[in-house]
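Chemist: Quick one: the structure is below, and I'll ask about it shortly.
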Amino acid sequence: MKDRYILLFKLITFISAGAGGITASFLNLHLEQVVGLTGTEIGFVSFFSMLLVIIIKPIVGYIGDRTGQYAFVIKIALIASIIISIFYYQSRTFAMVITASLLFGLVRSPIMPFKDVIITNYCDKIKYDFGKIRVFTSLGWLLFSMLAGFLIAGIKIPWFGNQFIEFNGFLPIQVAIFGMSILASLITFILMFFVPKPDTTESDKKQKATKEDIKQLLTNKQFLFILTFIMTSLIVVEAAKTYMGNHLVMELGAAENIISWMMLVQVGPELILLPLGAKMLQKFGFKNWYIFSVSTMILRLAVYSFTTNLTVFVILSLVHGIAVCTHIAGNIAYIRKVVAPNMLGLAFTIVASVTATTSAILGLLFGYVYEHMNGFIVFRIATVILIGTLILVICSKSLDEVGSSITNKLLLKENLRG
């Protein structure tokens, strides 16, 4: 029975990630090329679309913890996202894009955190490594984004005798983005009906969340530390990356399908790293891994900030999987360690809300910088923020304490299996 559910969770993770990957990879380019927005306007779209989401996410998270109806909320969100995608597809003015983006972000806000709660609860129950499921997020993100890029701009691969294997792109960028996203959301919606009910995956019913629990969560210093780390690490990289396609295509003169190749280079290593994430943290030491991870982020964006060589740009993107592995194997395990089980839904939605807030602010800042300066300056600002994050990690006592507890637990699991 559990094998069937694990396969189901992998499929849901793969397809739902595909929808998000296409949107994240190509939406800003669509807004500049098709709608005609400036860099500042694109930044405003990102910023204002998150304002209501920031408020709603924790409320939805609390409701999920009180009712336990995570799967039902996801189903409603998926159907709503399909409807909003149709409206977004037709939006051609700044006001329409702002409205569509706001609604799209709002209806999709509970999908990822609630999915993580459902899957991590099940993995915890059957003692299955969450990273082995989460890797399918990377795979879905990669394959869907690459497919979209090739359908838009085609592909040309060198072959023997100066010959080429060619495929000409035929889809307008807006059709590729919203059409494939709608299809992925529809399939995910159908699959959600087969997710096990809470009493199937939990041996004991969770105590309902109370207002006192909320207060304790919001004053939990260890939880607040990891929130700060999330805001100033991977989110900074992802916010800068939203202008990577614009920078490569509009400033460095690459074809649109460079985005697909960049996606392969970035996400490919995740397919190897994520299933091994828990073991790597155990081997390196929790805090040592975090120091290493942030250092690779700094190196990557520092080089981005001055190179015009596409080959160098691609090679440095290989380290992206390290940052993602830190979030999945490190941050999520950390949160589950320091937060009570009956507050996990709220905790994950707070993380999502904080992520949205940070992304909105950085998107606004980076959009202005991209329009009035260039993409190189965007990457330089991100590098400075990451240097501050490295100092935070080095000085952290929380990573030492919680990290030691997590790695000791992992060692215990390994000994029991042995």
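Chemist: Could you check, for the stretch 229-245, whether at least one of its residues is among the polar types (S, T, N, Q), buried (at least 23 other Cβ atoms within 10 Å of the Cβ), part of a helix (DSSP H, G or I) and at pLDDT below 85? Steps first, please.
Modeler: Start the filter on the stretch 229-245 by keeping residues that are among the polar types (S, T, N, Q), which leaves 232-233, 242.
In the following step, the residues that additionally are buried (at least 23 other Cβ atoms within 10 Å of the Cβ) were identified as 233, 242.
Filter once more, keeping what is part of a helix (DSSP H, G or I): none.
No, the stretch 229-245 contains no residue that is among the polar types (S, T, N, Q), buried (at least 23 other Cβ atoms within 10 Å of the Cβ), part of a helix (DSSP H, G or I) and at pLDDT below 85.
Chemist: While we're on this one: Looking only at the stretch 293-305, decide whether some residue is in a loop (DSSP other than H, G, I, E, B) and either over 16 Å from Val236 (Cβ atoms) or of a type in the set (Gly, Ala, Ser) (or both).
Modeler: Keep residues of the stretch 293-305 that are in a loop (DSSP other than H, G, I, E, B), which gives 305.
Now narrow it down to the ones that are either over 16 Å from Val236 (Cβ atoms) or of a type in the set (Gly, Ala, Ser) (or both): 305.
Checked the stretch 293-305: at least one residue is in a loop (DSSP other than H, G, I, E, B) and either over 16 Å from Val236 (Cβ atoms) or of a type in the set (Gly, Ala, Ser) (or both).
Chemist: If you don't mind, another one. Which numbered condition trips up Ile133, out of (1) touching a residue at least 60 places away in the same chain (Cβ under 8 Å); (2) in contact with a Leu (Cβ under 8 Å, 6 or more places away or on another chain); (3) of a type in the set (A, V, I, L, M)?
Modeler: Exception for Ile133: condition (2).
Chemist: Under 6 Å by Cβ, and 6 or more places apart or on different chains, what pairs join a residue from the stretch 283-299 that is within 9 Å of Ile322 (Cβ to Cβ) with one that is at pLDDT 95 or above?
Modeler: As it stands, the answer is Met297/Leu386, since those pairs meet every condition given.
Chemist: Shifting gears a bit: Among the residues of the stretch 322-335, is there at least one that is modelled with pLDDT of 90 or more, touching a helix residue (DSSP H, G or I) at 6+ places or on another chain (Cβ under 7 Å) and over 30 Å from Tyr62 (Cα atoms)?
Modeler: Within the stretch 322-335, one or more residues are modelled with pLDDT of 90 or more, touching a helix residue (DSSP H, G or I) at 6+ places or on another chain (Cβ under 7 Å) and over 30 Å from Tyr62 (Cα atoms).
Chemist: Which residues, counting only those in the stretch 335-374, are among the aromatic types (Phe, Trp, Tyr) and surrounded by fewer than 24 Cβ atoms within 10 Å (Cβ to Cβ)? So that I can check it myself, show each step before the final result.
Modeler: First, the residues of the stretch 335-374 that are among the aromatic types (Phe, Trp, Tyr): 348, 366, 368, 370.
Passing the criteria: only Tyr368.
Chemist: Only one of Phe87, Phe72, Phe150 is among the hydrophobic types (A, V, I, L, M, F, W, C), farther than 22 Å from Ile42 by Cα and without any contact (Cβ under 8 Å) to a residue 24 or more places away in the chain. Can you tell me which?
Modeler: Details: Phe87 fails: farther than 22 Å from Ile42 by Cα; Phe150 fails: without any contact (Cβ under 8 Å) to a residue 24 or more places away in the chain.
Among Phe87, Phe72, Phe150, only Phe72 is among the hydrophobic types (A, V, I, L, M, F, W, C), farther than 22 Å from Ile42 by Cα and without any contact (Cβ under 8 Å) to a residue 24 or more places away in the chain.
Chemist: Can you tell me which residue within the stretch 305-326, out of those that are out of contact with any Ser or Thr (no Cβ under 8 Å at 6 or more places or on another chain) and of a type outside the set (A, V, I, L, M, F, W, C), is nearest to Ile119 (Cα to Cα)?
Modeler: By that ranking, first place goes to His320.
Chemist: Within the stretch 358-373, is even one residue under 24 Å from Ile118 (Cβ atoms) and part of a helix (DSSP H, G or I)? Step through it out loud before you land on a result.
Modeler: Taking the stretch 358-373 first, the residues under 24 Å from Ile118 (Cβ atoms) are 359.
With part of a helix (DSSP H, G or I) added as a condition, the list becomes 359.
Yes; the residues of the stretch 358-373 include at least one that is under 24 Å from Ile118 (Cβ atoms) and part of a helix (DSSP H, G or I).
Chemist: Looking at Leu183, Leu171, which one is in a helix (DSSP H, G or I) and either under 27 Å from the mean Cα position of the chain (by Cα) or at pLDDT 85 or above (or both)? Talk me through it step by step, then tell me what you get.
Modeler: Values: Leu171 fails: in a helix (DSSP H, G or I).
Only one candidate qualifies: Leu183.
Chemist: Still on this model: For the stretch 286-304, check the following and say yes or no: at least one residue is closer than 26 Å to Ile22 by Cα, modelled with pLDDT of 90 or more and touching a Gly at 6+ places or on another chain (Cβ under 9 Å).
Modeler: Within the stretch 286-304, one or more residues are closer than 26 Å to Ile22 by Cα, modelled with pLDDT of 90 or more and touching a Gly at 6+ places or on another chain (Cβ under 9 Å).
Chemist: While we're looking at this one, here's another question. What pairs can you find where one residue is in the stretch 99-114 and over 11 Å from Met50 (Cα atoms), the other is outside any helix (DSSP H, G or I) and modelled with pLDDT of 90 or more, and their Cβ atoms are less than 6 Å apart, with a gap of 6+ or different chains?
Modeler: Going by the 6 Å Cβ cut-off, the qualifying pairs are Ala100/Ser91.
Chemist: Going by the structure shown, is Ile54 assigned to a helix (DSSP H, G or I) and surrounded by fewer than 23 Cβ atoms within 10 Å (Cβ to Cβ)? Full working, then the answer.
Modeler: Working: assigned to a helix (DSSP H, G or I): yes; surrounded by fewer than 23 Cβ atoms within 10 Å (Cβ to Cβ): yes.
When the stated conditions are applied, Ile54 passes them.
Chemist: Is it the case that some residue within the stretch 82-102 is of a type in the set (A, V, I, L, M, F, W, C), under 19 Å from the mean Cα position of the chain (by Cα), at pLDDT below 90 and over 22 Å from Ile190 (Cα atoms)?
Modeler: Taking the stretch 82-102 as the starting set, the residues that turn out to be of a type in the set (A, V, I, L, M, F, W, C) are 82-84, 86-87, 94-98, 100, 102.
Checking which are under 19 Å from the mean Cα position of the chain (by Cα) leaves us with 102.
With at pLDDT below 90 added as a condition, the list becomes 102.
Within this subset, residues satisfying the condition of being over 22 Å from Ile190 (Cα atoms) are 102.
Within the stretch 82-102, one or more residues are of a type in the set (A, V, I, L, M, F, W, C), under 19 Å from the mean Cα position of the chain (by Cα), at pLDDT below 90 and over 22 Å from Ile190 (Cα atoms).
To keep it simple, each residue is scored yes or no on (1) of a type outside the set (A, V, I, L, M); (2) out of contact with any Asp or Glu (no Cβ under 9 Å at 6 or more places or on another chain); (3) not in a helix (DSSP H, G or I).
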residue	(1), (2), (3)
Met96	no, yes, no
Leu102	no, yes, no
Val117	no, no, no
Tyr122	yes, no, no
Lys125	yes, no, no
Tyr128	yes, yes, yes
Leu139	no, no, no
Leu142	no, no, no
Leu151	no, yes, no
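Chemist: So how many residues does the stretch 63-88 have that are surrounded by fewer than 17 Cβ atoms within 10 Å (Cβ to Cβ) and among the hydroxyl-bearing types (Ser, Thr, Tyr)?
Modeler: 1
The values are calculated or read from the model by the stated rules, or taken from the named source; none is laboratory data. A quick note: this is a predicted structure, and the numbers were derived from the prediction, not measured. Cβ sites come from the backbone with ideal geometry, for glycine too, and all protein chains shown count toward neighbours.
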